[in-house]
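Encoded as structure tokens, the structure appears first; notes follow it.
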Amino acid sequence: MQDQLLTRTKRLVVKIGSSLVTSRGEGLRLDHISSLTKDLTAVQAENREVVVVTSGAIVSGIDQLELKTYPHALPLKQAAAAVGQSRLMRAYEKSFEELGFKVAQILLTHQDLADRKRFLNARHTLTSLIRFGVIPIINENDTVSVDEIQFGDNDTLAAQVAHVVDADLLVILSDVAGLYTADPRQDPSATLIPVVKEITKDIEQRAGTSRTEESTGGMITKVQAAKQAAQFGVSTLIINGETPGLLPCVLNGEPSGTYFMPNYRRLQSRKQWIAFTLRPKGHLILDDGAVQALQHRGKSLLPSGILEVKGEFQPGDSVICADQHGEEFGKGLVNYSSHTLRYIKGQKTSEVLKMTGQQEYEEVIHRDNLVILS
């Protein structure tokens with residue numbers, strides 16, 4: 001089944017890790033960028049559509065600025081990204097053009113996708129480029145990103161891009177062959193896990209927490225990206241990006257890497273956006289009756305079911321719904337501010353009007369703006 005899904009892949013997002021295109025002390029790995037573009041154009045030539053998400057701008061900039069250590073101060077990191085991004089893009093453009101393919105640079109922040117109008121604009125732009133046969137090359141806009149608007153790592157960005165472009169497959173090219181039963185660099189007996197049907201807590205624990213200065217992720221962020229992509233109905237494949245020619249072979253049925261199965265209960269695009277793109281501003285702790293009504297009866301959330309309001313938020317913001325034990329099960333867009341909800345929580349709808357003097361909405365979260373996550 002895995003082979004069939006891969007060979008039928010029409011549109012794929014390929015995430016390229018920083019270590020594959022850059023090296024501390026050496027800068028851009030031009031020979032390997034050339035090798036990667038050959039593989040990507042071979043895939044594109046097979047009547048598939050390729051979207052690239054790349055890392056490497058900061059490390060490239062560090063080399064160009066001749067910095068002795070990896071920068072931790074945000075302005076210096078952003079300066080390195082500004083210098084490195086242009087060099088990285090120039091290397092990709094030159095390599096792709098030599099093979100007869102056009103590319104386009106897209107820089108994104110989380111804010112670009114958190115706003116629904118800008119999300120749809122990004123979708124229209126990317127699908128237009130794809131339609132013209134242009135290969136979009138996407139990176140996080142590190143030059144302007146701050147904590148509030150950044151993705152944090154390009155594995156997460158790649159999963160979001162897979163949603164934006166309605167991809168069939170997310171491919172994460174790494175410096176390891178896939179997910180192992182343990183860290184193969186520390187445990188020689190570790191074995192590759194070829195297929196993951198469901199990403200459980202055990203799977204996430206096997207991914208560990210390792211990360212380096214040059215690479216903001218590690219295997220854990222790749223697994224978390226696969227988990228997010230699965231909710232979009234997109235499968236994920238992690239393979240070794242150091243092996244020339246591997247990607248086209250895998251897409252033609254050759255087994256390699258770790259394949260993560262998608263969730264076939266694919267949400268509508270807007271609910272995917274609510275569930276996985278928006279960052280929650282607060283939490284609502286609900287009583288058992290409200291939990292049952294939301295989880296099993298498809299109801300909207302009313303003020304009477306709210307026990308506690310955590311965080312500060314405004315109407316239209318995203319919030320998490322949790323039960324009395326703190327177990328999170330849903331996410332939605334609220335119609336009231338946190339200040340108002342603290343005043344009306346636990347009250348029946350008829351009482352809310354008496355308390356506030358006005359009532360624009362009966363529901364705190366309408367079922368059309370609610371996603372049940374578990």
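Read the figures in this text as sums done on the coordinates, not as results from a lab. Since this is a predicted model, take the numbers as computed values, not measurements. All Cβ positions, even for glycine, are placed from backbone atoms using ideal geometry, and neighbour counts span all protein chains on display.
Things worth noting here:
- Degrees separating the helix 74-98 axis from the principal Cα axis of the chain, which is the longest one: 50
- Per-residue HN-Hα couplings for the stretch 323-336 [Karplus 6.51, -1.76, 1.60; θ = phi - 60°; Hz; x = Gly/Pro]: 7, 5, 8, x, 6, 7, 9, x, 8, x, 9, 8, 9, 10
- Within the straight-line cut-off of under 25 Å between alpha carbons, the lysines reachable from residue 77 are 15, 68, 222, sequence neighbours fewer than 8 places apart in one chain being disregarded.
- Length-normalised contact order of the stretch 2-271 in % [C-alpha pairs under 8 Å, at least 6 apart]: 23
- Taking label points 7 Å from Cα along the Cα-to-Cβ direction, residue 205 and residue 105 give a separation of 4.5 nm.
- Rounded to the nearest 20 debye, dipole of the stretch 280-372 from Cβ charges on Lys, Arg, Asp, Glu: 120
- Helix axis angle, 30-45 relative to the chain longest principal axis, alpha carbon, degrees: 70
- Convex hull volume of the C-alpha atoms in the stretch 1-142, normalised per residue: 127 Å³.
- Each Lys and Arg Cβ is given +1 and each Asp and Glu Cβ -1; about its Cα centre, the chain then shows a dipole of about 860 debye.
- Look at where the Cα atoms of the stretch 16-54 and of the stretch 167-206 average out, and the two centres are 21 Å apart.
- Distance between the stretch 316-346 and the stretch 244-300 - C-alpha centres, whole angstrom: 20
- Degrees between helix 154-164 axis and first principal axis of the chain (Cα, 0 to 90, nearest 10): 70
- Value of Rg to Rh for the stretch 246-374 (Rh from inverse mean 1/r over Cα pairs, i.e. Kirkwood): 1.16
- Three semi-axes of the equivalent ellipsoid, the stretch 2-271, Cα gyration tensor, whole Å, largest first: 25, 22, 20
- Of 322, 192, 127, farthest towards positive along the dipole that unit charges on Lys, Arg, Asp, Glu beta carbons give the chain: 127
- Counted charge near residue 203, where neighbours are those whose Cβ lies closer than 13 Å (Asp, Glu -1; Lys, Arg +1): +2
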